[in-house]
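Every number in this text was worked out from the coordinates using simple rules, so none of it is lab data. Everything numeric in this text was worked out from a predicted model, so none of it was measured. Cβ coordinates were reconstructed from backbone atoms using ideal geometry, including for glycine residues, and neighbour counts include every protein chain displayed.
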Amino acid sequence: MLTYAADRLWAEVAYVAYYLHWPFESIVDMEHPDRARVITEIGHIHGRLAAAE
């Protein structure tokens with residue numbers, strides 16, 4: 001099993017929590033590939049919204 005740097009994990013949790021308002025436990029309990037996919041999708045949505053302004 002690979003371990004994840006604590007700073008990276010906190011950054012990911014903060015990013016998802018900020019945009020989706022999900023609770024800490026829900027985000028931390030996600031498998032890394034799932035959390036990474038959510039982060040990617042948030043980025044796509046954010047990019048589309050910014051481009052529409």
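Assorted remarks:
- Members of segment 25-35 that are surrounded by 12 or more Cβ atoms within 10 Å (Cβ to Cβ) and not polar (S, T, N, Q): Ile27, Val28, Met30, His32, Arg35
- Test for Trp10: is it surrounded by 10 or more Cβ atoms within 10 Å (Cβ to Cβ) and in a loop (DSSP other than H, G, I, E, B): no
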